[in-house]
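Structure, as structure tokens:
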Amino acid sequence: MTPRPDHERWIAERMRHIESSGIRKVFELARSLKDPVNLSIGQPDFDVPESIKDAAHAAIERGANAYTVTQGISELRAKIQADVLLRYRHADRETFITSGTSGGLLLALCCTVNPGDEVIVFDPYFVMYPHLITLAGGTTVYVDTYPDFSIHPDRVRAALTPRTKAILVNSPANPTGRVYSREVLRDLANLARERGVLLLSDEVYRVFCYDQPFVSPAEFNEDVIVFDGFSKAYGMTGWRLGFAHGPRRLIEEMIKLQQFSFVCAPSMVQHAGVAAWDHDVSG
């Protein structure tokens, strides 16, 4: 069916700055191929472990199918919060459950970025980042990481302006696979603190650090919002279960916005997350 020209007048201006994902376009092209190898998206090559599936089935059977509280069920939040406090020992760090890691990112950007604010993103970047920033009314400022895909603090410092509201970092990084060193993340965290800039840390690939221990910029700066989730570690990409933690005042606003957007993460998936948290995937 051909779109009607008069429908264009109903499209919000912000959508004219958001393009369809190139990944989705690749999906459409791949339908015409026989047995293609899919390297287009961060999909684990293993299925969800049986114990986690069993926990989801059990939750459905016992009737845990209704809305949960917006911040997530207490059993799951308590497990994650205990781990977060053990790792960071921040006096002011709160955790809540999000509808996927991307859902948490969208909430954070919408709760912190005003129209015209700038958000620094490292190039190459995950395809979603600039579009989420646009949706929040912000402007993406790209900092080059070529030729070695490393963060150079002097380039970040040069990109900072009075309108810089946040820096968005992702380590291990998608799409480069780069794991930033402890020194680089420390310097970035210190620079953000020095300039009063919020640091947003996407850590959904945290468990995929093999050659060195995982490092979060939140180890060096309390004013960091961390985003993580169950998609990559447990093969639960379609289950849409994530979590975020950061300064309580910012998390409160994110929970408030989740009430009027995602409402809550899927109920039975949260109960499965309790089982997932205790499941060892290191083997």
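Largest first and in whole Å, give the semi-axes of the chain's equivalent ellipsoid, each being the square root of 5 times a Cα gyration tensor eigenvalue.
Ellipsoid semi-axes (Å, largest first): 28, 26, 21.
Can you find, among TYR125, VAL84, HIS57, the residue sitting farthest towards the positive end of the charge dipole of the range 36-138, where Lys and Arg contribute +1 and Asp and Glu -1 at Cβ?
Most positive-ward Cα: VAL84.
Roughly how many debye, to the nearest 20, is the charge dipole of the range 176-237 about its Cα centre, given +1 on each Lys and Arg Cβ, -1 on each Asp and Glu Cβ, and no other charges?
Dipole about the Cα centre, nearest 20: 140 debye.
At 222 nm, what value in deg cm²/dmol follows for the chain if DSSP H runs of at least 4 each add -39500 (n - 2.57) and the sum is divided by all its residues, to the nearest 500?
-11000 deg cm²/dmol
Could you tell me the accessible area of TYR146 in Å² (1.4 Å probe, neighbours in place), rounded to the nearest ten?
Surface open to solvent at TYR146 totals about 100 Å².
Set the Förster distance to 35 Å, then compute FRET efficiency between TYR67 and ASP6 from the Cβ-Cβ distance, nearest 0.05.
Between TYR67 and ASP6 the formula returns 0.40.
If you scale each eigenvalue of the Cα gyration tensor by 5 and take the root, what three semi-axes come out for the range 27-131, rounded to whole angstrom and sorted largest first?
In descending order the semi-axes read 29, 27, 15 Å.
With label points built 7 Å along Cα→Cβ from the Cα atoms of ALA78 and VAL207, find their separation and express it in nm.
Simple spin-label model gives 2.2 nm for this pair.
Net charge near ARG155: determine it from the other residues with C-beta under 13 Å of the C-beta of ARG155, scoring Lys and Arg +1 and Asp and Glu -1.
Taking every Cβ under 13 Å from that of ARG155, the sum is -4.
Calculated FRET efficiency, SER150 and SER282, Cβ-Cβ r, R0 25 Å, to nearest 0.05?
0.35
Of SER216, SER99, SER181, which is the most mobile in a GNM of the chain whose springs link Cα atoms less than 10 angstrom apart?
Of the options given, SER181 has the highest mean-square fluctuation.
With springs connecting C-alpha atoms under 10 Å apart, model the chain as a Gaussian network and identify which of VAL156, VAL127, VAL169 has the largest mean-square fluctuation.
VAL127
Considering only the other residues whose Cβ falls under 10 Å of the Cβ of LEU107, what net charge follows from Lys and Arg at +1 and Asp and Glu at -1?
0
So if each residue of separation counts as 0.36 nm, and I subtract the Cα-Cα distance between HIS57 and ARG193, what length gain in nm does that give?
44.5 nm is the gain from fully extending HIS57 to ARG193.
At 0.36 nm per residue, and after removing the present C-alpha to C-alpha distance, how many nm does the segment from VAL263 to ARG31 gain when stretched out fully?
Gain in length upon complete extension: 80.1 nm.
The values are calculated or read from the model by the stated rules, or taken from the named source; none is laboratory data. Predicted model, so just to flag it, every value in this text is computed and none were measured. Cβ: placed from backbone, ideal geometry, glycine included. Neighbour counts: every protein chain shown. In case anyone asks, the SASA skips ligands and DNA or RNA and just uses the protein heavy atoms, side chains included. Shrake-Rupley method; radii C 1.70, N 1.55, O 1.52, S 1.80 Å.
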